[in-house]
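For reference, the structure discussed in these notes is given below.
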Amino acid sequence: MWRLDLDWPEDTIKHIERHGISRKEIEKALEGRLYRRRSGSRAVVIGIGFGRFLFVVIGPSKAKPGAGQVVTARPARKAEKALFGRRGK
């Protein structure tokens, strides 16, 4: 489990919903085994939320210092699922 305080502005929620992902599904994915990689100030996370693999990008919150904010999220592609299988923590 990765402990991260996430800020959820309304525009972020609307953005991920356009990809067919819910806030609760992302929160569920972040509770379990994860594949994580950092790139600058952002983190790429692959996890399982309610039975499906998710690819989630998290950056620093614009409004809440010290918190993270989901930049985007979508169903994970086949190659991303393979990363999770090899390196999930």
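The values are calculated or read from the model by the stated rules, or taken from the named source; none is laboratory data. All of these numbers come straight from a predicted model, not from anything done at the bench. Note: ideal-geometry Cβ built from the backbone for every residue, glycine included; neighbour counts use all protein chains shown.
Brief remarks on what is shown
- Restricting the first member to segment 28-48 and to residues that are without any contact (Cβ under 8 Å) to a residue 12 or more places away in the chain, and the second to residues that are hydroxyl-bearing (Ser, Thr, Tyr) and buried (at least 16 other Cβ atoms within 10 Å of the Cβ), no beta-carbon pair is closer than 8 Å while six or more apart or on different chains.
- Residue within segment 45-54 that is over 19 Å from residue 78 (Cα atoms), under 10 Å from the mean Cα position of the chain (by Cα) and not basic (Lys, Arg) present: no
- Neighbours by Cβ (under 8 Å, 6+ apart or cross-chain): first from segment 2-17, at pLDDT 95 or above and among the aliphatic types (A, V, I, L, M); second surrounded by fewer than 14 Cβ atoms within 10 Å (Cβ to Cβ) and not in a helix (DSSP H, G or I): none
- Filtering segment 49-72 to residues that are farther than 21 Å from residue 83 by Cα, in contact (Cβ under 8 Å) with a residue 60 or more places away in the chain and in contact with a Ser or Thr (Cβ under 8 Å, 6 or more places away or on another chain) leaves 67, 68, 69.
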